[in-house]
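The structure appears below as structure tokens.
No value in this document is a laboratory result; all are computed from the given coordinates. These figures come from a predicted structure and were not determined experimentally. Don't worry about glycine lacking a Cβ; one is built from the backbone with ideal geometry, like all the others, and counts go over all protein chains shown.
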Amino acid sequence: MNDQPAPDLEARLRQIGAERYHDKHPFHRLLHSGGCTPDQVRAWVINRYYYQSRIPMKDAAFMSRVEDPALRRAWRSRIEDHDGTAEQEGGIRRWLRLARGVGLDPDYVASTQGVLPATRFAVDAYVRYVRDQPLLQAVAASLTELFAPAIHEERIAGLLRHYDFANADTVSYFRHRLTEAPKDVAFGLSWVLEHATTPERADMAVAALVFKMDVLWAQLDALYAAYVTPALIPPGAWRPGEGMAR
Ligand SMILES: O=C(O)c1cc(C(=O)O)c2c(n1)C(=O)C(=O)c1cc(C(=O)O)[nH]c1-2
């Protein structure tokens, strides 16, 4: 191939994170600084579970389109990280331990009943995007994870400092992501830089990352509107008191 990667693409991708990553969202600021009520934390755990639960489905959708065995091999640990293996618990189980820790019934959370409609729309849009768009965009959309270790560090510290439910067990999901995400994103970033070989393809990668930033931001807008600004909980979505552990 004679085309060269756009030299400034990595800097452009990082700039998008600096401007748009969801660490800047008011809901996360509230959560990490101890400002959430127990019910607001529960609403976050319920809605974020929906994102969690769809990540391995989107990775399976991605892999179903990949013809290169080497790329599939590099990608498949993402599914195991969430679903676990015969020997090892995965992220979904860890998230449900967090659910139990905040007083929710894990079966209720896993049912995804009570998830906000806008959470579903945003997350489902991500799964569809990865299923339908060119592979370059599908990989570039995962690069929000470039910025995830910093937010996971901030969250672990903030939760442990401010909330009684937080302990090594309930924050273990995030501790595992500190090692899982950097390995995934190092691969994803180098793949995107290698394959964004024209200015047009670089623009496609940038657009994919912006799309994914919007997917993350929209989920928090939905949470904020329903559970922080009071009384905007849509019909059928979780209401405080429902789905609690016995
Ligand atoms: O807590 C977070 O802020 C956060 C953000 C992201 C992200 O940036 O997309 C992911 C995760 N966590 C995460 O835990 C995770 O497994 C994950 C997978 C992906 C992806 O797009 O494939 N993003 C993220």
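The table below gives the values:
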quantity	calculated
Amide H contacts of LEU104 (H built 1.01 Å from N, under 5 Å, at least 5 apart or other chain)	ALA245
Two-decimal log10 I(q)/I(0) for the range 22-105, as the Debye equation yields it once each C-alpha is a single scatterer, q = 0.12, 0.20, 0.26 Å⁻¹	-0.48, -0.95, -1.19
Unit charges on C-beta of K, R, D, E only; dipole of the chain, Debye	500 debye
Computed label-point distance, nm, for sites ASP68 and GLN113 using a 7 Å Cα→Cβ extension	4.5 nm
Farthest positive-ward along the chain dipole, Cα basis, beta-carbon charges - from THR198, GLY35, TYR49	GLY35
Residue among ARG94, ARG48, ARG72 with the largest mean-square fluctuation in a Gaussian network model of the chain, springs linking Cα atoms under 10 Å	ARG72
Cβ-based exposure ranking for SER64, SER33, in which fewest neighbours within 10 Å come first	SER64, SER33
Per-residue ³J(HN,Hα) for the range 139-153, Karplus 6.51 cos²θ - 1.76 cosθ + 1.60, θ = phi - 60°, Hz, x for Gly and Pro	6, 4, 5, 6, 6, 3, 5, 4, 9, 6, x, 5, 6, 5, 4
Rg/Rh ratio calculated on Cα atoms of the chain (Kirkwood radius)	0.97
Likely footprinting exposure, LEU223, LEU189, fewest C-beta neighbours within 10 Å first	LEU189, LEU223
Top of LEU135, LEU160, LEU232 by mean-square fluctuation, Gaussian network on the chain, Cα under 10 Å	LEU232
Candidates PRO182, PRO234, PRO69: whichever shows maximal mean-square fluctuation once the chain is modelled as a Gaussian network with Cα springs under 10 Å	PRO69
Alpha-carbon centroid distance for the pair the range 170-246 / the range 55-77, whole angstrom	19 Å
